[in-house]
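**Q** Let me begin by handing over the structure; questions about it come next.
The values are calculated or read from the model by the stated rules, or taken from the named source; none is laboratory data. Owing to the predicted nature of the structure, the values given are computational and were not obtained by experimental measurement. We place every Cβ from the backbone using ideal geometry, glycine too, and count neighbours over all the protein chains shown. To get the accessible areas, we keep the full protein, side chains included, count just its heavy atoms, and leave off ligands, DNA and RNA. Shrake-Rupley method; radii C 1.70, N 1.55, O 1.52, S 1.80 Å.
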Amino acid sequence: GLKGTMSEAELHLLAGRLQDSKRAAARRGELRVPLPVGYRYDAAGETVLDPHEDIRAAIADVFATFATTGSAYGVVAAFRDRPFPRRIFGGAWAGDIRWGRLTHDRVLSVLTNPVYTGAYVSGRYHAQRVVDPHGTIRTRIVTRPRSEWPVVIHDHHPAYLTWETFVAHAQRLAANNTRRGARPPREGTALLQGI
């Protein structure tokens, strides 16, 4: 009954081949992905530092400020009166740079992005299907731990900081996270509990 049309099995095979091609390109470091602010693709398709000095300086200042303050909120406070670049994804202005306020989420996205170390990374996130209590299948994006990233190619492009500094920043951010890290004592019988 499917004569002259592709069956679902053929479509599934084609989709699998496309995904295999993407994975192979990622293993070679050739899969083009949207770059964070501070980087661009040149005419040959290579990842290079953004030619605008103000953008490069803003990114470098985020890392320098975090090194001195040790806190993402400290970086936000230091950039309170200073604009920060953001690349637009999608729409008529795709690829354009807009300058605006630096938020805590933006600081975390810069500090936790391994691209700034000069590494090509693929597979930091993966889609996971889950069934909710009502029986609906939903797809959610899950962050993989650094040890499980399938593709990491060091020295792929120019870097803003070293891999060791990136790892130290990640450890410091994890220690700063009071939701998962150590918390000060709160309720109890001590005289000055929690101070």
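**Q** Taking only the stretch 67-114 into account, find how many residues are part of a helix (DSSP H, G or I) and either under 21 Å from ASP50 (Cα atoms) or among the polar types (S, T, N, Q) (or both). Break it down into steps so the answer makes sense when it comes.
**A** Here is the first cut: in the stretch 67-114, the residues part of a helix (DSSP H, G or I) are 67-69, 72-78, 104-111, 114.
So of that shortlist, the ones also either under 21 Å from ASP50 (Cα atoms) or among the polar types (S, T, N, Q) (or both) come out as 68-69, 106-111, 114.
Here the count works out to 9.
**Q** If you check VAL48 against the conditions, is it part of a strand (DSSP E or B), modelled with pLDDT of 90 or more and under 20 Å from the mean Cα position of the chain (by Cα)? Outline the logic, then answer.
**A** Values: part of a strand (DSSP E or B): yes; modelled with pLDDT of 90 or more: yes; under 20 Å from the mean Cα position of the chain (by Cα): yes.
Answer is yes for this residue.
**Q** Name the pairs whose Cβ atoms lie under 7 Å apart, with the first residue in the stretch 42-66 and more than 29 Å from GLN171 (Cα to Cα), the second among the hydrophobic types (A, V, I, L, M, F, W, C) and outside any helix (DSSP H, G or I), and 6 or more positions between them or separate chains?
**A** As it stands, the answer is ASP42/VAL48, since those pairs meet every condition given.
**Q** Can I ask one more? Give me a count of the residues in the stretch 106-121 that are hydroxyl-bearing (Ser, Thr, Tyr), open to solvent by 20 Å² or more (accessible area, probe 1.4 Å) and either closer than 16 Å to ARG87 by Cα or at pLDDT 95 or above (or both).
**A** The qualifying residues number 1.
**Q** For the stretch 15-44: of the residues being over 13 Å from TYR120 (Cβ atoms), of a type in the set (A, V, I, L, M, F, W, C) and surrounded by 11 or more Cβ atoms within 10 Å (Cβ to Cβ), which is nearest to the chain's Cα centre (by Cα)?
**A** VAL37
**Q** Could you list, in sequence order, the residues of the stretch 68-119 that are over 20 Å from TYR160 (Cβ atoms) and in contact (Cβ under 8 Å) with a residue 40 or more places away in the chain?
**A** Across the stretch 68-119, the qualifying residue is only PHE89.
Residues are listed down the side, and each one gets a yes or a no for (1) among the polar types (S, T, N, Q); (2) farther than 26 Å from THR65 by Cβ:
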site	(1), (2)
ARG106	no, no
GLY118	no, no
GLN128	yes, yes
VAL131	no, yes
HIS134	no, yes
ILE137	no, yes
SER147	yes, yes
VAL151	no, yes
GLN171	yes, no
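**Q** Could you please find all residues in the stretch 127-164 being of a type in the set (S, T, N, Q) and part of a helix (DSSP H, G or I)? Show your work before the answer.
**A** Kept after step one, since they are of a type in the set (S, T, N, Q), are these residues of the stretch 127-164: 128, 136, 139, 143, 147, 162.
Correct list: SER147 only.
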